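Engineer: Input: one structure, supplied below.
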Amino acid sequence: MQADQKIINIEESLESALSLAAELYHSGKIFIYPTDTIYGIGGNPFDEEVVKRIAEIKGRDEKKQFIWLLSDFENLMNYVDVIYDTHLDFLQKIWPAPVSVVLNLNERTKGIVNQDTIAVRVPQNYFCLKLLKEISRPLISTSVNRSGEDPINHIDPIVASFSHFVDAILFRSELNETKSSTIIDLTSKQPKLIREGSIKFVELLRNFN
């Protein structure tokens, strides 16, 4: 374990956890944290070294995209192009929620991250939303596991398997949600299901007019 590596219970030390996570984010470090679904590995998606390091930890192709978490709809619009008014209405109805949506990036963001689309989510999680408002930028959220293995969602095995590879682990005493987010594709007019998670696709479609 790295000498400066921290493990913090956010329920006991919320402000310390938020301060540390924001500091790590802005200094190009990575950390594990609870989301509105399973635990995630986080960092700055605009920092190439951060993206590379997380990909190496997970043992996956660097070109495979990570989900981004954002604080609110207004922040999201700094990075994506949403063409249809029905899409805008839909996103405002469903978020915050454990639903990740693939959207088209705007031209400026495409040039920074060298990709055309991104899966994004406004999470239904107090800690995440506080942190996202603090950093005012997108945060990577990818499951805590090696590629091809099941996500780890209990703090003890997370510490045992990943504490040597990240700069901090932030956790909750209570168990996290055990299902990943539902992912839908909204890059064309009609939403398409990519992965069904904690919220059923058919339920989401009731909000789409």
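Engineer: Going by amide H atoms built from the backbone, whose H comes under 5 Å of the H on Ile8, apart from near neighbours?
Structural biologist: Those qualifying (amide H under 5 Å, at least 5 residues apart or on another chain) are Ile169, Leu170, Phe171.
Engineer: Can I ask one more? Run through region 157-209 and list the trypsin sites (Lys or Arg not before Pro) located in a DSSP loop whose Cβ has at most 12 other Cβ atoms within 10 Å.
Structural biologist: Passing both the DSSP loop test and the Cβ count: Lys189, Lys200, Arg206.
Engineer: Under 12 Å from the Cα of Lys58, which aspartates and glutamates turn up, not counting those fewer than eight places away in the same chain?
Structural biologist: Answer for Lys58, where 12 Å is the Cα cut-off: Glu149, Asp150, listed by chain and number.
Engineer: Right, next: If each residue's Cβ is checked for other Cβ atoms within 10 Å, how do Tyr126, Tyr79, Tyr39 rank with the fewest at the top?
Structural biologist: Tyr126, Tyr79, Tyr39
Engineer: Given contacts defined as C-alpha pairs under 8 Å and at least six residues apart, what's the relative contact order of region 6-205, whole-number percent?
Structural biologist: Contact order relative to length: 32 percent.
Engineer: Another question, if that's okay. For Asp156 and Asp72 in one chain, what is 0.36 nm times their gap in residues minus the Cα-Cα distance, to one decimal in nm?
Structural biologist: Gain on stretching Asp156 to Asp72: 27.1 nm.
Where a number appears in this text, it was derived from the coordinates with a stated rule and is not lab data. Just so you know, these numbers come straight off a predicted model, no measurement behind them. With ideal geometry, Cβ positions are generated from the backbone for all residues, glycine too; neighbour counts draw on all protein chains shown.
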